[in-house]
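The values are calculated or read from the model by the stated rules, or taken from the named source; none is laboratory data. This is a predicted model, so every value here is computed, not measured. No Cβ is skipped: glycine too gets one built from the backbone with ideal geometry, and neighbour counts run over all protein chains shown.
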Amino acid sequence: MSRPELTREMLDHIRQNEVHRSVNSDLQAQVARFPWHHSIDLGNGLVTPGGKSLPLCREEANLYFERVTLNGLSVLDIGAWNGFFSFEAKRRGAARVLATDSYCWAHPKLRGRETFDLARSALGADVEAREIDVTDLAPKGIGTFDIVLYLGVFYHRYDAIEALAKVAALAKQLLIVETHLDLRDLEVPAMIFYPGQELANDGSNWWATNEKCMIALLLGHGFTEIEVTTHPGGNNRAIFHAWRSTAARKMPLSEQKKLKPIAVTRQLEREKSNALWKLARYLPAPLRRIFQL
C-alpha cells in the first residue's frame with residue numbers, strides 16, 4: 001500500500017510544530033537556569049517552578065482583582081519580583097502597568113530582573129519595568145496610578161511606616177496591601193518588630209501589624225474605606241483594599257470573605273474539629289487507626 005502524499009499545508013504544519021517544539025525546549029532551558037518565586041504559565045504547558053504554586057497565585061489574583069474594574073486604568077506593582085501580578089493586571093485589561101522592584105531584581109541569587117524579563121518576553125506582555133527602591137518613589141518622579149499593588153513588601157521594609165507613606169501617595173483610587181499579621185489577640189492597634197530571624201527564619205522580615213494597626217495606618221493616609229480579606233495562606237496574612245474612591249469597585253467585599261477576628265476564627269476551627277471527631281466515632285476501627293482518630 002503506497003504512503004499518502006503530503007500536501008504543502010501538511011508539510012507547513014509539521015515544520016511549524018517542529019519550530020514550536022524547538023522554541024519551547026529553548027525557553028524551558030532558560031527557565032531552568034533561574035530560581036522562581038511565582039509560578040507563571042508561559043503557555044504550551046510550561047509553568048515556571050515557583051515556590052508559590054500556580055493555583056495559589058491565581059487564587060490571590062482573584063482576591064486582588066475580581067472586584068475591581070481594571071479596564072482603562074493604570075496599575076503600579078511595587079516589589080513585582082517575577083511579575084505574576086503585573087502580567088495578570090495587564091491580562092485583565094489594565095491600560096498601563098508599571099512593574100518596579102529593587103531588592104529582588106538586584107539580588108545576585110534571586111536574579112529577579114532576569115526572570116521578570118524572561119517571563120515578559122515569553123508572554124509578550126506590554127508591561128513597563130523600572131528598577132527603583134521604595135524610598136525613591138514619588139509622584140514627581142514616576143507619577144500617580146489608579147491602582148497600586150503593595151504585595152508582600154511591607155514587612156520586608158526596615159522603614160515600614162515611612163515606606164507605606166511613600167506608597168500611599170502614589171495611589172489615586174485604590175491601594176492593595178498584602179502582608180503578614182501578628183498580635184491579632186490584642187484589642188488595640190499594634191505592631192511587632194523582629195530583630196533577628198524570628199519570622200520564617202528570614203532576617204529580611206522586620207515587622208508585622210495586626211489588622212487594626214494596618215487599617216489605622218491606611219486611614220491615616222487619606223483612604224476612606226478599608227476592606228480586609230481573609231488570605232488563602234492562613235490566619236497570619238490578610239489582604240487590604242484601601243479605597244480613596246470606589247469608582248473602580250464592582251462590588252463590596254462579601255461577608256464570607258471578610259477577615260474575622262482571630263477569636264471568632266479559632267472558635268469556628270474548634271467547632272469544625274469537634275464535628276470531625278464526632279463523625280469519626282462512626283468510622284470502622286481500622287479507618288480510625290489509619291487517620292489516627
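Being within 26 Å of HIS180 (Cβ to Cβ), among the polar types (S, T, N, Q), assigned by TED's automatic domain parsing to the domain that holds ARG249 and not in a loop (DSSP other than H, G, I, E, B), is that true of even one residue in segment 76-85?
Scanning segment 76-85 turns up no residue that is within 26 Å of HIS180 (Cβ to Cβ), among the polar types (S, T, N, Q), assigned by TED's automatic domain parsing to the domain that holds ARG249 and not in a loop (DSSP other than H, G, I, E, B).
Taking the residues in segment 243-293 that are of a type in the set (Gly, Ala, Ser) and either outside any loop (DSSP other than H, G, I, E, B) or more than 27 Å from GLU225 (Cα to Cα) (or both) as candidates, determine which candidate is modelled with the highest pLDDT. The extreme case among them is ALA263. On the basis of being small (Gly, Ala, Ser) and surrounded by 15 or more Cβ atoms within 10 Å (Cβ to Cβ), does ALA190 make the cut? Yes. Considering the conditions (1) on the phi > 0 side of the Ramachandran plot; (2) of a type outside the set (Lys, Arg); (3) touching a Ser or Thr at 6+ places or on another chain (Cβ under 8 Å), ALA238 is excluded by exactly one of them, (1).
Within segment 184-212, being over 21 Å from the mean Cα position of the chain (by Cα) and under 15 Å from VAL228 (Cβ atoms) holds for ARG184, PRO189, LYS212. Being in contact with a Lys or Arg (Cβ under 7 Å, 6 or more places away or on another chain), at pLDDT 95 or above, basic (Lys, Arg) and surrounded by fewer than 22 Cβ atoms within 10 Å (Cβ to Cβ) is not true of ARG92.
In this structure, does LEU27 turn out to be over 11 Å from the mean Cα position of the chain (by Cα) and part of a strand (DSSP E or B)?
Values: over 11 Å from the mean Cα position of the chain (by Cα): yes; part of a strand (DSSP E or B): no.
No: the conditions fail for LEU27.
Consider segment 213-251. How many of its residues are touching a residue at least 12 places away in the same chain (Cβ under 8 Å) and exposed (fewer than 13 other Cβ atoms within 10 Å of the Cβ)? Matching residues across segment 213-251 total 5.
I'd like the full set of residues that are over 20 Å from the mean Cα position of the chain (by Cα) and in a loop (DSSP other than H, G, I, E, B), limited to segment 213-242.
Kept after step one, since they are over 20 Å from the mean Cα position of the chain (by Cα), are these residues of segment 213-242: 213, 216-217, 219-225.
Of everything in segment 213-242, those that are over 20 Å from the mean Cα position of the chain (by Cα) and in a loop (DSSP other than H, G, I, E, B) turn out to be HIS221, GLY222, PHE223, THR224.
May I ask you to verify whether THR144 is surrounded by fewer than 24 Cβ atoms within 10 Å (Cβ to Cβ), among the β-branched types (Val, Ile, Thr), within 20 Å of GLN173 (Cβ to Cβ) and touching a residue at least 24 places away in the same chain (Cβ under 8 Å)? Criteria met by THR144.
The residue pairs whose first member lies in segment 253-276 and is over 17 Å from PRO232 (Cβ atoms), whose second member is assigned to a helix (DSSP H, G or I), and whose beta carbons are closer than 9 Å, counting only pairs six or more residues apart or on different chains, are PRO261/GLU211.
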